[in-house]
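*Asks:* Please see the structure below; I have some questions.
The values are calculated or read from the model by the stated rules, or taken from the named source; none is laboratory data. Remember, predicted model here, so these are calculated numbers, not experimental data. Cβ: placed from backbone, ideal geometry, glycine included. Neighbour counts: every protein chain shown. Surface areas here come from the heavy atoms of the whole protein model, side chains and all, with no ligands, DNA or RNA. Shrake-Rupley method; radii C 1.70, N 1.55, O 1.52, S 1.80 Å.
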Amino acid sequence: MAWTEQMVEDLRQMWLEGLTANEIAKKLGVSKNSIVGKVHRLCLTARPSPIKKKEETEEPKKTAQKQVIETINEEFLPEIEEEETLEIEEISAPKPSTVNGVKLVNLDSHTCRWPIGDPRDEDFCFCGKKVRAGQTYCDEHAAMAYVKAGIRK
C-alpha cells in the first residue's frame, strides 16, 4: 500500500484530534495495523494504552486477617481503649521447601509437575514425586487435577 501525502496529513490531523487507530483506518480505507505502523514510523505522540493495569498503591495491601481484626476492633469493641484492642500474631503459610520439591530445570518425564508456591518466589518448585508412565502428576495431585464428570457440582 502506498501512502499519499494527503493520507499522511489526514492521519496526522485525525491522530491529533484523538481518533482511535480503528476509526482512522475506516476513514482512510486501510487496516488498523497500517495506521499503527505509520503512526510509529512518523513518531507521532504515543497515547496511553486503553488497557491499563491497576497501579499498585504505595501502601501495602492488608491481609484478610488484618482486615478482620480491624473490623472486630472498630465495630464490636468500640468502648475498649486503643491499648486494649485485639492483637493477633499474623499467621503466614509455610513456604515450600525445595528439599522436597524439584526445580523446573530438574523436571523430567518421570516427575510430578504440580507447582508448589508462588512462581515469583525464589523457592518456587514442583512436587517431584514419581509419576506413572505417560502421566503429568503423581496420584495425589492427579486426584485434585482431574475430577470425574459425575462428581462435579
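*Asks:* Starting from region 129-144, take each residue that is on the phi < 0 side of the Ramachandran plot and assigned to a loop (DSSP other than H, G, I, E, B) and list its partners that are open to solvent by less than 100 Å² (accessible area, probe 1.4 Å) and aromatic (F, W, Y), counting only C-beta distances under 9 angstrom and pairs at least six apart or across chains.
*Replies:* Partner pairs satisfying both residue conditions: K129/W114; K129/Y137; V131/Y137; T136/W114; Y137/W114; C138/W114.
*Asks:* Looking at V147, V131, which is the one that is in contact with a strand residue (DSSP E or B) (Cβ under 7 Å, 6 or more places away or on another chain) and farther than 12 Å from G101 by Cβ?
*Replies:* One residue alone meets the criteria, V131.
*Asks:* Identify all residues within region 92-112 that are under 21 Å from the mean Cα position of the chain (by Cα) and either modelled with pLDDT of 90 or more or not in a loop (DSSP other than H, G, I, E, B) (or both); write none if there are none.
*Replies:* Listed by number, the list holds a single entry, L104.
*Asks:* Exactly one of (1) over 24 Å from the mean Cα position of the chain (by Cα); (2) surrounded by 13 or more Cβ atoms within 10 Å (Cβ to Cβ); (3) modelled with pLDDT of 85 or more is unmet by K130. Its number?
*Replies:* (2)
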